[in-house]
Amino acid sequence: MNDNSGISHLAALSLRVRHAILACSTRAGSGHPTSSLSAVELMTALMFGGFFNYDPLRPDYAGNDRLIFSKGHASPLFYSLWHMAGQIDEAELMTFREFGSRLEGHPTPALPFTEAATGSLGQGLSIGLGMALNARRLDKLPCRSFVLLGDSEMAEGSVWEAMEIAAHYKLDNLVGILDVNRLGQRGETLHGHDIAAWARKAEAFGWRAIPVEDGHDLRQVLAAYEQALNLGVSGAASGKPVMIVARTIKGKGVAAIEDKPDWHGKPLPTEAYKMALELLGEADPHVRGELAPPPQIQIARSEPTPVPDIAYAPDKPVATRKAYGKALARLAPAFPDMVALDGEVSNSTYAELFAKAHPQRFFEMYVAEQNMVGAAVGLAGRGKIPFVSSFAAFLTRAADQIRMARYSEANLKLCGSHAGISIGQDGASQMGLEDLALFRAVLDCVVLYPADAVSCERLVEAMARHEGMAYLRTTRMATPILYGPDENFPLGGCKILRRSDRDVCTIVAAGITLHEALAAADLLAAESIPVRVIDLYSIKPVDAATLQVAARETGALVTVEDHYPEGGLGEAVLAALADAPVPVRLLAVRKLPRSGRPAELLDYAQISRKHIASNVKDMLS
């Protein structure tokens, strides 16, 4: 489309896009028109210049290219482009940022052309990486992932995590488009308009950089896309992702605000908007954008096949972290879309068992947890069931990616191993003691904490079948087998392991502390103090009904957890009993962790069997 007629058409489209950006943001009285205006030519040329292959009537079609606005605040541009493509009418465009509108302040899957929720900067490239990884390594598709980035977000470490992993996996079907408009929220960005600096960094990370001196010159922009797409599988730079680095002007087209600070996130007032339209000139209301059709492809889908059932010797302790890896490897044939990602600790999380059994479905993401979670969101967006594993302590590093995954409606599964002080001598830096609080705070996220290998395997299968986010907490040390292979573990359930009509208290625990609770019950029984013991393996959703019955029948509860008290199992129990109050004592880690043997540390934190028994007797007294 580099001929004069094609250039003229794209110029007319760009003008209409500018009008639409200003109209919807002024109507909303909020938004980011200046950040949108800087990337108009970059995105108009991509979508309507014959480079972006997409069937808008089939947004989920596997052969479509993917477009992620990592700079999600440029949503007026995103929506205006789909307006030009005939997928958003003018009336809907004017509902931008209104309650109930699909056109939210930052893009979400409420609009089907949104691949993932964005707006928290630095995450879109990881998501695009996951989608490119799926196309190249899993589904063997010719489609590409395009990611629009802003120069402000290039200061985020997660961007560079994505850069190095994309180069490692030779994803030449991933194209970044860096809109270097110089101005961030409060002033100049890290390198200002120095596009050479960004190009050097991209190339240092193994990418092919294509500088564009004027990102508003359609001929330069089209030439950059032609070069980028010709560097694919058959091109001279095959194996390298591509970063187009374009110098642009923030607020381009509106002279009063072009390249001016203090206009970030501010719409034009009504009078200034009218003046801007006059200066821009009249736009042709009939001009429309046409998307290039994607190739017609067929994906060979593997059918689920039966898998062997679990088998554990009842007298041989097994760590739940090992059961997690065994479950993934065992269940993979039953879930052909299951994939696993790990942060270079697979020999500790035991994800290595899956990697050895199904190497083509395992991705080593190295010690870069933020990118690992973001890439998993991209894989989930393409229909995969990603299981992400690392130490529980290290997953908290990706808290923002986890939070945003929910807004992307990602079918994401996470496993945090080495949880709590019971990991022993490694010390505080390795002890996940905040993870339950993190995942309980994520809307609708299932939170599971198995106490033995059998329950762990059953819960991994339940996670795989569940549509939505789920977190599994596993233990480092080997623990006794508590359950037979026929036991079921539904999400939202619990198990009563000790019970009598004479119980005077209920002990509620999960994971490692369940074994301490059972030992405490034996100590109390020796003193003729019968107690009920509940395995609260599902911390969210929680089995409130069973807890309320236990509260009513026994009159008191003690909760015990290898986690800080804030946001953990104890507070989940308290919430469940809010309408049926009884005395509840929360035993949790309330001291600064130290190195030591697991038994020493459980005792130090006062969550060991003797402390549980002592607290029960103290409550009864």
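Report, by residue number, each residue of region 536-586 that is of a type in the set (D, E, K, R) and over 25 Å from residue 489 (Cβ atoms). So that I can check it myself, show each step before the final result.
Of the residues in region 536-586, the ones of a type in the set (D, E, K, R) are 540, 543, 552-553, 561-562, 566, 571, 579, 585.
Matches in region 536-586: 566, 579, 585.
Of all residues in region 21-59, which are farther than 24 Å from residue 183 by Cα and touching a strand residue (DSSP E or B) at 6+ places or on another chain (Cβ under 6 Å)? Result: 50, 53.
Checking region 22-34 against the condition returns a match, with at least one residue being under 26 Å from the mean Cα position of the chain (by Cα) and more than 25 Å from residue 380 (Cα to Cα).
When we screen 101, 80, 126 for residues that are outside the structural domain of residue 337 (by TED's automatic domain parsing), at pLDDT 95 or above and surrounded by fewer than 19 Cβ atoms within 10 Å (Cβ to Cβ), the only hit is 101. The set of residues from region 463-488 being crowded, with 20+ Cβ neighbours inside 10 Å and in a helix (DSSP H, G or I) comprises 463, 464.
From the list 251, 206, pick out the single residue that is more than 25 Å from residue 105 (Cα to Cα), within 34 Å of the chain's Cα centre (by Cα) and assigned to a loop (DSSP other than H, G, I, E, B). I'd like the intermediate steps shown before the answer.
Working: 251 fails: more than 25 Å from residue 105 (Cα to Cα).
Only one candidate passes the filter, namely 206.
Taken over region 411-451, the criterion of being within 25 Å of residue 481 (Cβ to Cβ) and surrounded by fewer than 24 Cβ atoms within 10 Å (Cβ to Cβ) is satisfied by 424, 446.
Keeping to region 547-573, report how many residues are under 21 Å from residue 516 (Cα atoms) and in a helix (DSSP H, G or I). The number of residues fulfilling the criteria is 9.
Among the residues of region 441-462, write down those that are in a loop (DSSP other than H, G, I, E, B) and either free of Cβ contacts under 8 Å to residues at least 40 places away in the same chain or under 20 Å from the mean Cα position of the chain (by Cα) (or both). 441, 442, 443, 444, 445 - these are the residues of region 441-462 that are in a loop (DSSP other than H, G, I, E, B) and either free of Cβ contacts under 8 Å to residues at least 40 places away in the same chain or under 20 Å from the mean Cα position of the chain (by Cα) (or both).
Rundown of residues vs (1) more than 16 Å from the chain's Cα centre (by Cα); (2) buried (at least 24 other Cβ atoms within 10 Å of the Cβ); (3) not assigned by TED's automatic domain parsing to the domain that holds residue 168, yes/no style:
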position: 350; (1), (2), (3): yes, yes, yes
position: 393; (1), (2), (3): yes, no, yes
position: 406; (1), (2), (3): no, no, yes
position: 409; (1), (2), (3): no, no, yes
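Name every residue in region 23-41 that is in a helix (DSSP H, G or I) and surrounded by fewer than 24 Cβ atoms within 10 Å (Cβ to Cβ), in order of residue number. Matches in region 23-41: 23, 26, 27, 28.
Do we have residue 226 as surrounded by fewer than 19 Cβ atoms within 10 Å (Cβ to Cβ), under 24 Å from residue 65 (Cα atoms), within 34 Å of the chain's Cα centre (by Cα) and of a type outside the set (Ser, Thr, Tyr) here? So residue 226 fits the description; yes.
Given the options 504, 533, name the one that is assigned by TED's automatic domain parsing to the domain that holds residue 605, within 20 Å of residue 582 (Cβ to Cβ) and free of Cβ contacts under 8 Å to residues at least 60 places away in the same chain.
The conditions single out 533.
When region 66-77 is limited to residues that are of a type outside the set (A, V, I, L, M, F, W, C) and outside any helix (DSSP H, G or I), the one that is surrounded by the fewest Cβ atoms within 10 Å (Cβ to Cβ) turns out to be 66.
Among the conditions (1) of a type outside the set (Asp, Glu); (2) closer than 20 Å to residue 41 by Cα; (3) in a helix (DSSP H, G or I), residue 167 misses just one, which is (2). When 97, 58 are screened for being in a loop (DSSP other than H, G, I, E, B), on the phi > 0 side of the Ramachandran plot and not β-branched (Val, Ile, Thr), only 97 passes.
Among the residues of region 442-459, are any among the hydrophobic types (A, V, I, L, M, F, W, C) and closer than 28 Å to residue 174 by Cβ?
First pass over region 442-459, keeping only residues among the hydrophobic types (A, V, I, L, M, F, W, C): 442-443, 445-448, 451, 453-454, 456, 459.
Subsequent filtering for residues that are closer than 28 Å to residue 174 by Cβ retains 442.
So far as region 442-459 goes, yes, one or more of its residues are among the hydrophobic types (A, V, I, L, M, F, W, C) and closer than 28 Å to residue 174 by Cβ.
Quick check on this structure: which one of 487, 457 is modelled with pLDDT of 95 or more, under 27 Å from residue 602 (Cβ atoms) and touching a Pro at 6+ places or on another chain (Cβ under 9 Å)?
457
This table checks each residue for (1) within 23 Å of residue 380 (Cα to Cα); (2) small (Gly, Ala, Ser); (3) not assigned by TED's automatic domain parsing to the domain that holds residue 205.
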| residue | (1), (2), (3) |
| --- | --- |
| 133 | yes, no, no |
| 141 | yes, no, no |
| 150 | no, yes, no |
| 157 | yes, yes, no |
| 161 | yes, no, no |
| 166 | yes, yes, no |
| 178 | no, no, no |
| 184 | no, yes, no |
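For region 492-534, the candidate set comprises residues that are part of a loop (DSSP other than H, G, I, E, B) and closer than 22 Å to residue 318 by Cα; within that set, the residue that is farthest from the chain's Cα centre (by Cα) is 494. For residues that are surrounded by 20 or more Cβ atoms within 10 Å (Cβ to Cβ) and among the polar types (S, T, N, Q), scanning just region 509-553, find the one that is farthest from residue 608 (Cα to Cα). The extreme case among them is 538. Of all the residues in region 262-281, those that are under 37 Å from the mean Cα position of the chain (by Cα) and on the phi > 0 side of the Ramachandran plot number 2.
Can you say whether residue 476 is among the basic types (Lys, Arg) and either under 20 Å from residue 599 (Cβ atoms) or free of Cβ contacts under 8 Å to residues at least 12 places away in the same chain (or both), as far as the supplied structure shows? Answer is yes for this residue.
Does any residue in region 205-233 that is assigned by TED's automatic domain parsing to the domain that holds residue 154 and modelled with pLDDT under 95 come within less than 7 Å, Cβ to Cβ, of a residue that is surrounded by 23 or more Cβ atoms within 10 Å (Cβ to Cβ) and among the polar types (S, T, N, Q) six or more places away or on a different chain, and which pairs are these? What qualifies is 232/173.
The values are calculated or read from the model by the stated rules, or taken from the named source; none is laboratory data. Everything numeric in this text was worked out from a predicted model, so none of it was measured. A quick note on method: Cβ atoms are made from the backbone with ideal geometry, for glycine too, and the neighbour counts reach across all protein chains shown.
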